[in-house]
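Scroll down for the structure; my scribbles are underneath it.
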Amino acid sequence: MDPNVKLMPNQGEPYPDPGRYRRLVEKLNYLTMTRPDISFPVSVVSQFLNSL
């Protein structure tokens, strides 16, 4: 992950299907347990989304 990337709250459209979004997040959580190399980027995105 590029540490200089700035995440912006108004980029893109809202996700139209909350159920599908929830399943995607569950899969990302699983991957962070089985693939430690992606846990930092997922954590950064999670913190960003939580701050919205």
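Results, tabulated for the structure shown:
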| item | result |
| --- | --- |
| Verdict on Gly19 being loosely packed, with under 10 Cβ neighbours inside 10 Å and either assigned to a helix (DSSP H, G or I) or within 13 Å of the chain's Cα centre (by Cα) (or both) | yes |
| Hits in region 31-45 - residues which are part of a helix (DSSP H, G or I) and either of a type in the set (S, T, N, Q) or surrounded by 10 or more Cβ atoms within 10 Å (Cβ to Cβ) (or both) | Leu31, Thr32, Thr34, Ile38, Ser39, Phe40, Pro41, Val42, Ser43, Val44, Val45 |
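None of the figures in this text is laboratory data; all of them are computed from the coordinates on show. What you see is a predicted model; the values in this text were computed from it and never measured. Because the Cβ atoms are built from the backbone with ideal geometry, glycine has one as well, and the counts that use them run over all protein chains shown.
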